[in-house]
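Everything on this sheet refers to the single structure shown next.
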Amino acid sequence: METTTTVQKNGTDKQFYTIKSIFIASFLGGPFVGLYMTSKNFTHLGKKDYASRTLIWGTIATLLILGALAFTPATIVNKIPTPVFPVLYAALITTIAEKFQKEAIQEYLQNGATKQSLWKIIGLSVISLISTVAYIVLLAVFFQLVMAMLFSH
């Protein structure tokens, strides 16, 4: 009984997302999964205010960027190489995680905490990708409806 209490006090009962898994999931699944994973790490590190700020400000920034892209003419967007956006947001989210979490996570892992399972990371990435694509499609439909209402006589 005492061993369990000690393990939980040391935080070794927690599972962390590694910096590498945050980058890969963000790149493949979109920014929302990276924000979620980074937020969960902050929660496990006892920084709940950082966790909520990560989700709130990251989501607002992501929705604004995706919204701006939806209203950007295709001639401009098509000139940008496809991997640029995923690399940029994955790198940004990873940089935040690396700066504010990496050392603490490594310490927890050295003291017996574990990494999140690959299957959970894949599942979250797929859900995030579907959600991101659905948001983009809804924006595109909304944009078309607005344009049709503005320019129809």
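The amide H of LYS115, built 1.01 Å from its N in the peptide plane, has PHE16 as neighbours under 5 Å, considering only residues 5 or more places off or on other chains.
3J(HN,Hα) couplings calculated from phi for segment 81-98 with the Karplus curve 6.51 cos²θ - 1.76 cosθ + 1.60 (θ = phi - 60°) are, in sequence order, x, 3, x, 4, 5, x, 5, 4, 6, 5, 5, 5, 5, 5, 4, 4, 4, 5 Hz; Gly and Pro show x. For segment 13-151, the equivalent ellipsoid derived from the Cα gyration tensor has semi-axes of 33, 14, 13 Å, listed largest first. Its Cα gyration tensor gives segment 96-153 an equivalent ellipsoid, and the semi-axes of that ellipsoid, as √(5λ) in whole Å with the largest first, are 44, 14, 4. In this simple spin-label approximation, ILE136 and LEU28 carry label points 7 Å from Cα along the Cα→Cβ vector, and these lie 1.7 nm apart. For LYS47, no residue has an amide H sitting under 5 Å from its own, ignoring neighbours fewer than 5 places away on the same chain, with H placed 1.01 Å from N.
Using a 7 Å offset from Cα along Cα-Cβ at ALA148, what residues in segment 63-89 end up with backbone N under 12 Å from the label point? Under cut-off, by backbone N: nothing. Toward the positive end of the charge dipole of segment 1-119, with +1 on the Cβ of Lys and Arg and -1 on the Cβ of Asp and Glu, the farthest Cα among GLN15, ILE105, GLY67 is that of GLY67.
Taking the Cα centre of the chain as reference, the dipole from Cβ charges on Lys and Arg (+1) and Asp and Glu (-1) amounts to some 40 debye. Maximal additional length on extending the VAL84-PHE100 stretch stands at 3.3 nm, based on 0.36 nm per residue less the C-alpha distance. Residues whose amide H lies under 5 Å from that of ASP13, counting only those 5 or more places away or on a different chain, are absent; hydrogens are built 1.01 Å from N in the peptide plane. Taking Cα atoms, how many degrees apart are the long axis of helix 19-29 and the longest axis of the chain, rounded to 10 and kept between 0 and 90? Rounded to the nearest ten degrees, it is 30. Backbone phi angles across segment 123-139, fed through the Karplus curve with coefficients 6.51, -1.76 and 1.60 (θ = phi - 60°), yield HN-Hα couplings of x, 5, 5, 5, 4, 5, 4, 4, 5, 5, 5, 4, 4, 5, 4, 4, 4 Hz in residue order; Gly and Pro are listed as x.
Bear in mind that the values in this text are calculations on the coordinates, not laboratory data. Quick caveat: nothing in here was measured; it's all calculated off a predicted structure. Every residue, glycine as well, gets a Cβ built from its backbone with ideal geometry; the counts of neighbours run over all protein chains shown.
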